[in-house]
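Below: the structure, in structure tokens.
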Amino acid sequence: FSDEILQGCLADFELPAEVHLGQLSMGQRKKAYIAFAMATNTKYLLMDEPTNGLDIPSKSQFRKVIAQHMTEERTVVISTHQVHDVEQMLDHILILDQRSVLLNATMQQIQDHYTFEYRSPQEMDDTVLYAEPTLQGNAVITKRQESDAETQVNLELLFNYKTTQKTGPVL
């Protein structure tokens, strides 16, 4: 356990060094729990829905705290439905549906294999693997071609694609 990491995380979350959990709001308690979890210095840390109850600035602080205290020897497993809160921090994705593994890949493998973009209805063609209508046009997934630029992964779109396809963990 590292008191230094605890105090640093509490400071990052703008919480007092002397925390009294009973006097904190739900979001503040969540930040205190995250600070404590990071201070344990465990090799493996499982976080279930860590950003639920956090406001937008606190979600940003959460990502900062996790990034600051990650090492090559440490693995943080995050189980969440709030994928947009964490997608910039991830290096490996596991998508489960009931007892089936629908995807088990690194972010780099996903970026190498798929392109995520928005298309107008006129641009929809047979290269589209999956699409959802949005206010910006259709959010689509296509197989990435060698000439395609690498795009940012849209985890929510990827999850919806994989769960509708019910295909195994292959890309």
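Subtracting the Cα-Cα distance of A149 and S100 from 0.36 nm times their residue separation leaves 14.5 nm of extension gain. Each Lys or Arg adds one and each Asp or Glu takes one away; over the other residues whose Cβ falls under 13 Å from the Cβ of D148, this sums to -2. Remark: the stretch 1-92 carries a charge dipole of roughly 140 debye about the Cα centre, counting +1 on each Lys and Arg Cβ and -1 on each Asp and Glu Cβ.
In summary, the convex hull built on the alpha carbon positions of the chain has an orientation-averaged projected area of 12.1 nm².
Note down the net charge around H113, summing +1 for each Lys or Arg and -1 for each Asp or Glu among other residues with Cβ under 13 Å from its Cβ. With Lys, Arg at +1 and Asp, Glu at -1, the neighbours total -1. Accessible area per residue for the stretch 58-116, computed on protein heavy atoms with a 1.4 Å probe, is 58 Å². Estimated from helices alone, the mean residue ellipticity of the chain at 222 nm is -10000 deg cm²/dmol (sum of -39500 (n - 2.57) over DSSP H runs with n ≥ 4, per residue). The accessible surface of the chain, taken with every protein chain in place and a 1.4 Å probe, is 51 percent carbon and sulfur.
The values are calculated or read from the model by the stated rules, or taken from the named source; none is laboratory data. Fair warning: this is a prediction, and the values are worked out from it, not measured in the lab. In this analysis, Cβ positions are derived from the backbone assuming ideal geometry, glycine residues included, and neighbour counts consider all displayed protein chains. Side chains included, ligands, DNA and RNA excluded: accessible areas come from the protein's heavy atoms. Shrake-Rupley method; radii C 1.70, N 1.55, O 1.52, S 1.80 Å.
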